[in-house]
1. From the phi of every residue in region 252-257, what ³J(HN,Hα) in whole Hz does the Karplus formula 6.51 cos²θ - 1.76 cosθ + 1.60 yield, where θ is phi - 60° and glycine or proline is x?
2. Among 186-194, 209-217, how do they line up from the highest to the lowest mean number of other beta-carbon atoms within 10 Å?
3. Work out, step by step, the length gained on full extension between Glu80 and Arg295: first 0.36 nm times the residue separation, then minus their alpha carbon distance; give nm to one decimal.
4. What residues from region 254-276 fall in the zone where the backbone N is under 20 Å from a label point 7 Å along the Cα-to-C-beta line of Gln235?
5. What order do you get for 196-204, 166-174, 54-62 when each peptide is scored by the mean count of other beta carbon atoms within 10 Å, highest first?
6. Report the label-to-label distance for Glu173 and Ala198 in nanometres (one decimal), using points 7 Å from each Cα along the Cα→Cβ vector.
7. Which cross-chain or sequence-distant (5 or more) residues have an amide H under 5 Å from the amide H of Asn281, H modelled 1.01 Å from N in plane?
8. Count charges around Thr283 for me, please; just the other residues with Cβ under 14 Å from its Cβ, Lys/Arg as +1, Asp/Glu as -1.
Amino acid sequence: MKYPSLNIKIVSSTTNNLSSLLLLAGLSVALLGHQIGPVFAQTDPKIVAIVNDEPISQFDISQRKKLNKLLGQTSGSGKEILEELIEEQLQRQEATRLRIPVTEQEIDKAIENMAQRRQSTAETFNNRLKKIGVKSATMRHRVRASLAWQRILSRRFGKLVDLDEQDIDRAFERARKNRPPAQRFYMLQQINLPFDGALDQNSVQGRQIEAQRIIDGFKGCRSTQRVASGIYNVQIKNVGPVPVKQLQAKLRKLLRKAGPGKLLPPTMSRQGIQLLAYCSNKTVAAPEVTREQVRTSLANQQFGLVSKRHLRDLKRDAIIDYR
């Protein structure tokens, strides 16, 4: 893996030359709701709708669109988001009428559970909200309405949900047959040596020497920090777990050829020298499906139908003023 002479041709690329080979899996769970009313409605003078005397503003729509994007949901048009907010307003008003409480601790727990499913923490998630300009209260209103609406349905229609045991058996058998296969993941490490200042022969040569030093001393991903110690502006980033299927075929072939604990051949662009380390891999089997999970899924489907009917009735009886 030694470098050739300095007659290396520097090709055009972006700083994400290596990153473009990785198609990382994204973050999905959709939560519904707002709180007692869009508390931000007064911050935007443009009121777009009033639902039983409670306003919805253009600011509320903007906040929801950003939140939906962060959650990996299709944002839809402004009109679609407005209808979503109207329905949640009705859900929230119904919870207030029925005196169904949701505590702050329950909201905290729901957000924490959602973050864990995304392999994150509630603090990290709130920081991401802040970074894209979404008020943390926007998410909390959404969660509050979702929890309250679930309790409304359970209280009013729980006894109407009737499941046939044979239907459960058939659905359970289908779920077992359609269980996803085990999936392999790669743990990778990116090592970037960016060029600083003017791109000349000396800077290229200097970075080549430093890259070769890392290559010569590399003894697995745990050694990178030690080997790179003393090198100016070296950037080390752990990447993964990355599903094998989401890597480009060319990169998969290189990883298989190199094997765990090895470095791939270096790449060079106008931005710098990049190294990719293959740390390890693991195979994760899909969890076993239980009969109780199938029962819950079928019950949720029935609750979904009940939810649509009840929401339709609330909307029919509401006074909604579109502006």
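1. 4, 5, 5, 5, 4, 5
2. Details: 186-194: 20.2, 209-217: 15.9.
Highest to lowest by the protection proxy: 186-194, 209-217.
3. Values: separation 215, 0.36 × 215 = 77.40 nm, distance 3.20 nm.
Working it through step by step, the gained length comes to 74.2 nm.
4. Only 264-276 pass the distance filter.
5. Details: 196-204: 10.7, 166-174: 13.4, 54-62: 20.8.
Listed from highest to lowest mean packing, they are 54-62, 166-174, 196-204.
6. 7.8 nm
7. For Asn281, whose amide H was placed from the backbone, the distant partners under 5 Å are Met187.
8. Details: positive: Arg184, Lys245, Lys282; negative: none.
For residues surrounding Thr283, the net value is +3.
The values are calculated or read from the model by the stated rules, or taken from the named source; none is laboratory data. Please read these numbers as outputs of a predicted model, since none were measured by experiment. Cβ coordinates were reconstructed from backbone atoms using ideal geometry, including for glycine residues, and neighbour counts include every protein chain displayed. For accessibility, only protein heavy atoms count, side chains too; no ligands or nucleic acids. Shrake-Rupley method; radii C 1.70, N 1.55, O 1.52, S 1.80 Å.
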